[in-house]
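Data block below; observations after.
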Amino acid sequence: GRTREKDVVLAISRKLKDAIDACPGMQAVLVRDGDYYIPHRERYEKARRQRADLFVSIHADAFRNPKVAGGSVFI
């Protein structure tokens, strides 16, 4: 089967949550925990309701050129 972005980012998000939750005094909240879409506005509204100190959005973009590597960070 093909690798799908939604599966990759959910797996990354779950691992990141585990790492954050392992830090004393820190707790991560996932905006979604399954295969369904949540509009962007609802995502950050959920974070605000949780009184989040940080909001992280994880994406995995696909490229056909195998030489493409690295990551991007937007603030």
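The values are calculated or read from the model by the stated rules, or taken from the named source; none is laboratory data. Predicted, not measured: the structure shown is a model, and the values here were computed from it. Cβ placement follows ideal geometry from the backbone for every residue including glycine, while neighbour counts extend to all protein chains displayed. Heavy atoms of the whole protein, side chains included, go into the accessibility calculation; ligands, DNA and RNA do not. Shrake-Rupley method; radii C 1.70, N 1.55, O 1.52, S 1.80 Å.
Worth pointing out:
- Loop-located chymotrypsin sites (Phe, Trp or Tyr not before Pro) in the chain, at most 15 other Cβ atoms within 10 Å (DSSP): 36, 37, 55, 63, 74
- These residues, 57, 13, 72, go from largest to smallest accessible area, 1.4 Å probe, as 72, 57, 13.
- Residue-by-residue Karplus 3J(HN,Hα) for segment 37-43, coefficients 6.51, -1.76, 1.60, Hz, glycine and proline x: 9, 10, x, 3, 4, 5, 5
- Mean projected area in nm² (Cα convex hull; one quarter of hull surface) for the chain: 6.6 nm²
- Helix-only CD estimate at 222 nm, as mean residue ellipticity for the chain, using -39500 (n - 2.57) per DSSP H run (n ≥ 4): -11500 deg cm²/dmol
- Candidates 16, 54, 30, ranked by Gaussian network fluctuation over the chain, Cα under 10 Å, top entry: 54
- Note on the chain: GNM, Cα springs under 10 Å; of 21, 33, 61, the largest mean-square fluctuation is that of 61.
- The phi torsions of segment 48-58, fed into the Karplus equation with coefficients 6.51, -1.76 and 1.60 and a -60° offset, translate into couplings of 5, 4, 7, 6, 5, 8, 8, 10, 10, 10, 9 Hz, rounded to whole numbers, with Gly and Pro shown as x.
- Under the combined filter of DSSP loop state and at most 13 neighbouring Cβ atoms within 10 Å, the chain retains these trypsin sites (Lys or Arg not before Pro): 2, 4, 51, 64, 67.
- Phi to ³J(HN,Hα) by Karplus 6.51 cos²θ - 1.76 cosθ + 1.60 over segment 11-28, Hz, x for Gly, Pro: 5, 4, 4, 5, 5, 5, 4, 4, 5, 5, 4, 6, 8, x, x, 10, 8, 9
- The mean sequence separation of alpha-carbon pairs under 8 Å and at least six residues apart, normalised by the residue count of the chain, gives a relative contact order of 34 percent.
- Residue 28 long-range amide H proximity, modeled H, under 5 Å: 21
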